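Novice: Have a look at the structure that comes next, please.
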Amino acid sequence: MSNSEKYMKLEDEYTLQTYARYPIVIESGDGVYVTDADKKKYLDFAAGIAVFALGYNNRELNDALKKQIDLIVHTSNLYYNEPAALAAKAFCEVSGMDRVFFTNSGTEAVEGAIKSALKYAYSKTGTDDHEIIAFEHSFHGRSLGALSVTGNAHYREGYTPWEGKVKFAEYNDPDSVKALVNEKTCAVIMETVQGEGGIHPAQPGFIKGIRKLCDEKGLLLILDEIQCGLGRSGSMYAFEQYGVRPDILTSAKALGCGVPVGAFAMTQKVADRSLTVGDHGSTYGGNPFACAAVCEVLRQFKEKDIVSHVRRLTPALESALDELQKKYPEKIKERRGKGFMQALELAGPAAPVIKESQKNGLLVISAGANVLRLLPPLVIEEEHIEEMKNILDKVISAT
Ligand SMILES: Cc1ncc(COP(=O)(O)O)c(C=O)c1O
């Protein structure tokens with residue numbers, strides 16, 4: 001039995017079987033490559049699902065985390081801590097939001113965002129029967145609140161605590177949103193670029209129209225940038241490219257580059273009438289270790305100008321994928337995406353392409369049955385794009 005087989009067997013025996021995992025046991029990572037327990041190396045165009053923006057085994061991040069471990073890892077939110085204070089300032093500066101709450105995951109950031117919007121509406125009206133508009137094919141997480149605004153009926157089946165309180169509109173269709181607004185509506189929640197739903201960027205007119213609608217009707221706009229945020233789209237947050245600003249923003253994934261941390265943040269206008277002392281909390285949320293990661297990640301984004309790097313290399317990534325689409329028009333229907341969040345919509349299932357890519361040393365993932373999703377670390381160079389293209393070329397020609 002190989003090392004990989006040994007660990008897979010243990011997981012299969014003892015963990016709750018909620019994941020259909022690929023048969024790879026990842027042991028270590030360096031830059032844009034990971035290595036499995038049997039020493040096979042893979043070029044990683046998934047980055048832990050849009051997490052490892054700055055590359056694996058990032059020396060400065062490792063050092064910052066080690067330094068924090070030797071100081072203190074956890075304090076609880078009963079006391080102040082230095083990394084949380086510095087991370088809050090840095091986060092508000094990069095996001096343009098006024099107040100932030102750090103969470104342990106993206107899902108919890110969405111929960112906090114929803115609670116903030118509901119509390120804001122409650123403080124305005126004194127009633128708590130408000131509705132939220134979300135979108136078909138959206139993904140916001142697996143807890144009961146986040147699931148309630150996730151536009152995938154299959155994920156919600158069996159757990160519908162907010163049935164009737166959340167209405168689902170069609171993404172990129174402003175009329176479908178307008179049709180759902182009533183006197184109970186308090187917020188619209190959307191991904192600026194839909195990720196799990198198949199990599200669909202919002203059209204500029206759509207997102208501007210939603211912002212306008214929210215302003216006219218007094219609704220809060222919650223933008224979920226958990227997957228598309230932090231440089232991946234070619235700007236720090238994707239909403240910057242549309243000239244809109246959300247009332248509430250969620251962020252996670254690359255925020256800790258592997259350390260579990262998320263955030264929901266809001267404008268002062270929302271904060272003034274929303275969550276206050278005793279309304280929300282988390283034992284771990286914003287702990288010194290997680291916030292040391294946030295500080296160092298945001299420091300590197302600035303120092304290395306990661307956003308400009310993504311913008312500079314996006315044309316190379318897009319044309320590599322376009323070349324594949326042109327070469328195999330009967331197998332690849334479309335390329336779409338924004339920045340380093342790209343998709344190839346295939347004519348058939350993505351699973352065999354993913355499997356064969358793995359055999360050839362490339363990690364890519366799916367976003368729906370027929371969509372191949374590419375979320376490389378933001379520090380890839382042209383040579384990695386070339387390597388990815390050559391492997392996909394070989395795999396697609398054979399599958
Ligand atoms: C847009 C979006 N929102 C929320 C989540 C949930 O984040 P997490 O898995 O960190 O809880 C995800 C995860 O994929 C996501 O892509």
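Rundown of residues vs (1) crowded, with 23+ Cβ neighbours inside 10 Å; (2) more than 27 Å from D224 (Cα to Cα); (3) not acidic (D, E), yes/no style:
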{"site": "A50", "(1), (2), (3)": "yes, no, yes"}
{"site": "N57", "(1), (2), (3)": "no, yes, yes"}
{"site": "K89", "(1), (2), (3)": "no, no, yes"}
{"site": "C92", "(1), (2), (3)": "no, no, yes"}
{"site": "R99", "(1), (2), (3)": "no, no, yes"}
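Novice: Being within 17 Å of S357 (Cα to Cα) and of a type in the set (S, T, Y) is the filter; apply it to segment 21-45 and report the residue that is surrounded by the most Cβ atoms within 10 Å (Cβ to Cβ).
Specialist: Y42
Novice: Only one of (1) touching a strand residue (DSSP E or B) at 6+ places or on another chain (Cβ under 6 Å); (2) over 30 Å from V32 (Cβ atoms) fails for G262. Which number is that?
Specialist: So G262 meets the others, but not (2).
Novice: Let me ask something additional. Could you identify the single residue in L275, L213 that is touching a Lys or Arg at 6+ places or on another chain (Cβ under 7 Å), surrounded by fewer than 24 Cβ atoms within 10 Å (Cβ to Cβ) and free of Cβ contacts under 8 Å to residues at least 40 places away in the same chain? If you could, list the steps in order and put the result at the bottom.
Specialist: Values: L275 fails: free of Cβ contacts under 8 Å to residues at least 40 places away in the same chain.
The unique qualifying residue is L213.
Novice: Follow-up question, since we're still on this one. Can you work out which of the residues in segment 59-87 that are farther than 30 Å from K41 by Cα and among the small types (G, A, S) is surrounded by the most Cβ atoms within 10 Å (Cβ to Cβ)?
Specialist: To start, the set of residues in segment 59-87 that are farther than 30 Å from K41 by Cα comprises 68, 70-87.
Cutting the leftovers down to among the small types (G, A, S) gives us 76, 84-85, 87.
Details: S76: 12, A84: 23, A85: 13, A87: 28.
Checking each candidate, the answer is A87.
Novice: Here is a further query. So D128 ticks every box in (1) surrounded by 24 or more Cβ atoms within 10 Å (Cβ to Cβ); (2) more than 12 Å from the ligand (Cβ to nearest atom) but one. Which box is left unticked?
Specialist: D128 satisfies all of (1) surrounded by 24 or more Cβ atoms within 10 Å (Cβ to Cβ); (2) more than 12 Å from the ligand (Cβ to nearest atom) except (1).
Novice: Applying the selection to segment 101-116, what residues are of a type outside the set (V, I, T) and under 23 Å from L230 (Cα atoms)?
Specialist: F101, F102, N104, S105, G106, E108, A109, E111, G112, A113, S116 - these are the residues of segment 101-116 that are of a type outside the set (V, I, T) and under 23 Å from L230 (Cα atoms).
Novice: Sticking with this structure for a sec: What residue, of R311, R299, is surrounded by fewer than 18 Cβ atoms within 10 Å (Cβ to Cβ) and touching a Gly at 6+ places or on another chain (Cβ under 6 Å)?
Specialist: Values: R299 fails: touching a Gly at 6+ places or on another chain (Cβ under 6 Å).
So the residue among R311, R299 that is surrounded by fewer than 18 Cβ atoms within 10 Å (Cβ to Cβ) and touching a Gly at 6+ places or on another chain (Cβ under 6 Å) is R311.
Novice: Right, something else. Sort through Q227, Q241, Q203 and tell me the only one that's farther than 24 Å from S274 by Cα, modelled with pLDDT of 95 or more, of a type in the set (S, T, N, Q) and in contact with an Asp or Glu (Cβ under 8 Å, 6 or more places away or on another chain). If you could, list the steps in order and put the result at the bottom.
Specialist: Working: Q241 fails: in contact with an Asp or Glu (Cβ under 8 Å, 6 or more places away or on another chain); Q203 fails: in contact with an Asp or Glu (Cβ under 8 Å, 6 or more places away or on another chain).
The conditions single out Q227.
Novice: Would you tally the residues in segment 247-258 being over 11 Å from F102 (Cβ atoms), within 12 Å of the ligand (Cβ to nearest atom) and hydrophobic (A, V, I, L, M, F, W, C)?
Specialist: Summing the residues that are over 11 Å from F102 (Cβ atoms), within 12 Å of the ligand (Cβ to nearest atom) and hydrophobic (A, V, I, L, M, F, W, C) in segment 247-258 gives 2.
Novice: Moving on to the next point. Give segment 113-134 a look and list any residue that's part of a helix (DSSP H, G or I) and either free of Cβ contacts under 8 Å to residues at least 24 places away in the same chain or touching a Ser or Thr at 6+ places or on another chain (Cβ under 6 Å) (or both), or say none.
Specialist: Of all residues in segment 113-134, those part of a helix (DSSP H, G or I) come to 113-125.
Of everything in segment 113-134, those that are part of a helix (DSSP H, G or I) and either free of Cβ contacts under 8 Å to residues at least 24 places away in the same chain or touching a Ser or Thr at 6+ places or on another chain (Cβ under 6 Å) (or both) turn out to be A113, S116, K119, Y120, Y122, T125.
Every residue, every condition in (1) under 28 Å from S143 (Cβ atoms); (2) in a helix (DSSP H, G or I); (3) basic (K, R), yes or no:
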{"residue": "A20", "(1), (2), (3)": "yes, no, no"}
{"residue": "D38", "(1), (2), (3)": "no, no, no"}
{"residue": "D63", "(1), (2), (3)": "no, yes, no"}
{"residue": "I69", "(1), (2), (3)": "no, yes, no"}
{"residue": "A85", "(1), (2), (3)": "yes, yes, no"}
{"residue": "V94", "(1), (2), (3)": "yes, yes, no"}
{"residue": "E111", "(1), (2), (3)": "yes, yes, no"}
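Novice: Do you know which of the residues in segment 9-38 that are among the hydrophobic types (A, V, I, L, M, F, W, C) and at pLDDT 95 or above is nearest to the chain's Cα centre (by Cα)?
Specialist: Within segment 9-38, the first condition is being among the hydrophobic types (A, V, I, L, M, F, W, C), and the residues that meet it are 10, 16, 20, 24-26, 32, 34, 37.
Now drop any that are not at pLDDT 95 or above, which leaves 10, 16, 24-26, 32, 34, 37.
Values: L10: 29, L16: 24, I24: 23, V25: 23, I26: 21, V32: 19, V34: 21, A37: 27 Å.
By that ranking, first place goes to V32.
Novice: Okay, next question. Does A85 satisfy the criteria of being within 16 Å of the ligand (Cβ to nearest atom) and modelled with pLDDT of 95 or more?
Specialist: On the way: within 16 Å of the ligand (Cβ to nearest atom): no; modelled with pLDDT of 95 or more: yes.
No.
Novice: Quick one: which of D215, D175 is among the acidic types (D, E) and either part of a strand (DSSP E or B) or farther than 18 Å from L118 by Cα (or both)?
Specialist: D175
Novice: With (1) polar (S, T, N, Q); (2) within 12 Å of the ligand (Cβ to nearest atom); (3) at positive phi as the list, and S143 as the residue in question, which single condition is left unmet?
Specialist: Every condition holds for S143 apart from (3).
Novice: Kindly indicate which of K39, K67 is farther than 26 Å from L375 by Cβ, out of contact with any helix residue (DSSP H, G or I) (no Cβ under 6 Å at 6 or more places or on another chain), not hydrophobic (A, V, I, L, M, F, W, C) and not assigned by TED's automatic domain parsing to the domain that holds C228. Write out each step before concluding.
Specialist: Values: K39 fails: farther than 26 Å from L375 by Cβ.
Going through K39, K67 in turn, just one is farther than 26 Å from L375 by Cβ, out of contact with any helix residue (DSSP H, G or I) (no Cβ under 6 Å at 6 or more places or on another chain), not hydrophobic (A, V, I, L, M, F, W, C) and not assigned by TED's automatic domain parsing to the domain that holds C228: K67.
Novice: Same structure again: Quick check on segment 7-20: of everything there that is among the charged types (D, E, K, R) and exposed (fewer than 12 other Cβ atoms within 10 Å of the Cβ), which residue is farthest from I380 (Cα to Cα)? Walk me through it before giving the result.
Specialist: The initial filter retains those residues of segment 7-20 that are among the charged types (D, E, K, R), namely 9, 11-13.
Adding the requirement that they be exposed (fewer than 12 other Cβ atoms within 10 Å of the Cβ) leaves 9, 12-13.
On the way: K9: 33, D12: 33, E13: 37 Å.
In this case the residue turns out to be E13.
Novice: For A316, which of the numbered conditions (1) crowded, with 24+ Cβ neighbours inside 10 Å; (2) outside the structural domain of Y171 (by TED's automatic domain parsing) fails to hold?
Specialist: Condition not satisfied by A316: (1).
The values are calculated or read from the model by the stated rules, or taken from the named source; none is laboratory data. All values reported here derive from a predicted model rather than from experimental measurement. Here the Cβ is made from the backbone with ideal geometry for all residues, glycine too, and neighbour counts use every protein chain on show.
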